[in-house]
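Here the structure is laid out as structure tokens; the discussion comes afterwards.
The values are calculated or read from the model by the stated rules, or taken from the named source; none is laboratory data. Predicted model, so just to flag it, every value in this text is computed and none were measured. A quick note on method: Cβ atoms are made from the backbone with ideal geometry, for glycine too, and the neighbour counts reach across all protein chains shown. Heavy atoms of the whole protein, side chains included, go into the accessibility calculation; ligands, DNA and RNA do not. Shrake-Rupley method; radii C 1.70, N 1.55, O 1.52, S 1.80 Å.
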Amino acid sequence: MGTYTKDSEELLKLVGGKENIAAVSHCMTRMRFVLVDPKKADVKGIEAMKVVKGSFTQAGQFQVIIGNTVSEFYKDFTAFAGIEGVSKDAVKAAAGANQNILQRAAAIAAEIFAPLIPAIITGGLILGFRNCIDSLYIFENGTKTLVELSPFWAGMDHFLWLIGEAVFHLGIPVGICWSVVRKMGGTPILGIILGLTLVSSQLLNAYAVATTPPDQIPVWDFGSFQFQRIGYQAQVIPAILAALTLSYLEKFFRSIVPAVVSMIIVPFCSLVLTVIAAHFILGPIGWKIGSAVSSVVFSGITGDFRIIFGALFGFIYAPLVITGLHHMTNAIDLQLIADYGGTMLWPMIALSNIAQGSAVLGMMYLQRKNAAAQEVNVPSWVSCWLGVTEPAIFGVNIPKLFPFICGMTGSACAAIVCVSTSTTANAIGVGGVPGILSIQPQYMPTFALAMLVAIVVPCVLTIAVGKKRGIDKEAEAAQAAAEIEAAAEAANAAAAANLVSENEFKAYLDGEVISLKEVGDGVFSEKMVGDGLAIKPANETVCAPVSGKITVLMEDSRHAVGMTLSNGVEVLIHVGIDTVGMGGDGFSYLVKIGDVVKVGTPLLKFSKAKIKAAGHPDTAIMVVTNPNGIDTFKFLSGMQGKTNQTVIATY
């Protein structure tokens, strides 16, 4: 009987029994369940268990905080329950079944934008600061900005635009293409190149399209037909569509092109056809939609149903930012200013930005005990109220979804106040709280009232909905988990310092142990990487052949693991031949960089069937890549190996 057998029995009963578990895995401190029916779990009973330190539900996963001993608990639990644990990736995939379409879409968007958040926040703060120094007319009786008065700040303004432009005009489309292609298992460098073709200097900047006469827009002239050369600066949806197109084309060509010429044909055909589709199909369609939106907005803001239009526009403006169609509103603002001496549209845009920031303010309150969440929340809120919404929308509101909708609702309410009082701006200003300085003096009180609505309504709605969904409790549990994980990492570091590796290697798989010469691969068989052996696997879970620290993981392909022993010896386990080209399909890690593992610890899972379907041998190779001066290694082959039992090497 294991140490946690009785606790496992109790937890199994409280989560609804074996039949209620769709998948289970664990991380450093938590058991991660995907439950068939989450309502069957007795949360209060689970949290009352002595071994449990808390629980919460996130992204379709029911997570139970155990602490540093979670790996031992996990082994006893799976053994008692008679179920096979899966990788965290598999749990994440299974968790999708517990999410509706909107939740799945939000989760996918969060995964796409997560790697981009640091850059987006940095760019948001920079552009917000620039708005304050080059767009606020607060000097010399409201006639000049700080930039106009000071050469130093004028120079600083130009310098900071170097970073701001890199993030928003160029970085967002390029980063999105890279992130989507990477997530889809494609070639990341092709995603980067695709993104660069969307924002090339050869194209008319997307921000200039609305104010450029149609006959002055540059074109590609093919003789009998022409296509406009328009960029995708700061646009999200077109970049996602282009990247998805590239990913599917790459998979298609890889499946039909012989391996001997795939390096030439697959990237060439995939990239060229995607760029053609992006500029000749997706681009024209996008700008047609933009023109239609522009016409509707102009008619609505100048028509007889302005209040109804104001509510609708206030509600949908934030989604327009995601699509990139909000660029078209600049032309409408300029036309209104020319015709009427001011614009009633721009104040609603500023209020929408404030409303999204106020939704973040609500999340700041709900997650006030979650330090990790606040690292994103606070700078996103600041940049949003200074007129740059991307960090708030993509970093906070879209991933949770309900704050985004609460912000849209508050924006609609504020827009009704704004339009019903005919609040008008002199010009396009800072699209946030400082925007009040661009409002015509007689309308400043009504804009202040609309601002109050845009601040209070989204914030209160977000807090109310968030509490109903348990976001505040989730934040507390997440913070507790973070503290436990920090302690676990400290313990892991201590374990690494005290690590003593064995002088023998055990079989890391069940199967026939063979020499490197029998592998039939030029690189490994010739021992170019190092000396070692291989196993023809009979099972699909690679375990540690010796105690050591995980130092190398291939996150894009997940087909290899590198370990460093206490004596400095470095070992690599490589599953299959040429499996790096599978892009991680069929592979999942069970450990992470920095983990200290004992001999027999599961390291990764793989699918023999998928490797075979991809046309690759599934032989798993182990080589000593750095013997660190030890020359007494002896590799034993020509026998059947049993995981964690058969000795396959000594030194």
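The radius of gyration of the Cα set in segment 531-602, together with its Dmax, comes out at 11.9, 34 angstrom.
What's the center-to-center distance, using Cα atoms, between segment 513-553 and segment 248-264 in Å? Cα centroid of segment 513-553 versus Cα centroid of segment 248-264: 28 Å apart. Mind jotting down the distance between the C-alpha centroids of segment 603-629 and segment 402-447, whole Å? Cα centres, segment 402-447 to segment 603-629: 60 Å. Of I416, I337, I120, the order by accessible heavy-atom surface (1.4 Å probe, DNA, RNA and ligands excluded), from most exposed downward, is I416, I337, I120. Relative contact order of segment 498-651: 35 percent, from C-alpha pairs under 8 Å at least 6 residues apart in sequence.
Expressed as a whole percent, the accessible area of segment 530-651 that falls on carbon and sulfur atoms is 51 (1.4 Å probe).
Helix-only estimate, please: 222 nm mean residue ellipticity of the chain, summing -39500 (n - 2.57) across DSSP H runs of length 4 or more and dividing by its residues, to the nearest 500. Value at 222 nm, helices only: -15500 deg cm²/dmol. When a 1.4 Å probe is rolled over the protein heavy atoms, the share of accessible surface on segment 345-446 that falls to carbon and sulfur comes to 67 percent. Amide H contacts of K144 (H built 1.01 Å from N, in plane; Pro and chain starts excluded): I138, F139 sit under 5 Å, all sequence-distant by 5 or more or on other chains. Note on D221 and I308: with the Förster distance fixed at 35 Å, the Cβ-Cβ geometry gives a FRET efficiency of about 0.20. Protein heavy-atom accessible surface, 1.4 Å probe, per residue over the chain: 45 Å².
Per-residue 3J(HN,Hα) values for segment 272-280, derived from phi via the Karplus relation 6.51 cos²θ - 1.76 cosθ + 1.60 with θ = phi - 60°, read 4, 5, 5, 5, 4, 5, 5, 8, 9 Hz in sequence order (x marks Gly and Pro).
What residues have an amide H closer than 5 Å to that of V36, excluding those fewer than 5 places away on the same chain, when H is modeled at 1.01 Å from N in the peptide plane? Here the answer is I21, A22, since their amide H atoms fall under 5 Å of that of V36. The listed residues R182, R30, R469 rank as R469, R182, R30 when sorted by accessible area, largest first, using a 1.4 Å probe.
The candidate values were [x] 28.0; [y] 25.5; [z] 30.4; the one computed from these coordinates for Kirkwood radius over Cα pairs in Å carries the label [x]. Multiplying the residue separation of A613 and V552 by 0.36 nm and removing their Cα-Cα distance gives an extension gain of 19.3 nm.
Summarising the amide proton neighbourhood of I577: residues at separation of 5 or more, or on other chains, whose placed amide H is nearer than 5 Å comprise T619. Angle check, please: helix 471-497 long axis (alpha carbons) against the longest principal axis of the chain (alpha carbons), in degrees 0 to 90, nearest 10. For helix 471-497, the angle is close to 40 degrees. Using C-alpha pairs below 8 Å separated by at least 6 residues, the relative contact order for the chain is 11 percent. Couplings 3J(HN,Hα) for segment 635-645, derived from phi with the Karplus relation 6.51 cos²θ - 1.76 cosθ + 1.60 (θ = phi - 60°), are 9, 10, 9, x, 8, 8, x, 10, 3, 6, 10 Hz, where x marks Gly and Pro.
Sparse packing (at most 14 other Cβ atoms within 10 Å of the Cβ) combined with a DSSP loop state is found for the following chymotrypsin sites (Phe, Trp or Tyr not before Pro) in segment 211-252: F222, F225.
For the set E504, E19, E555, solvent exposure ranked by accessible area (probe 1.4 Å, protein chains only) runs largest to smallest as E19, E555, E504. Karplus-derived 3J(HN,Hα) values for segment 47-56, using 6.51 cos²θ - 1.76 cosθ + 1.60 with θ = phi - 60°, are 5, 7, 5, 4, 7, 9, 9, x, 7, 6 Hz; glycine and proline are entered as x. Taking 7 Å steps out from each Cα toward its Cβ at V456 and R229 produces label points 5.4 nm apart.
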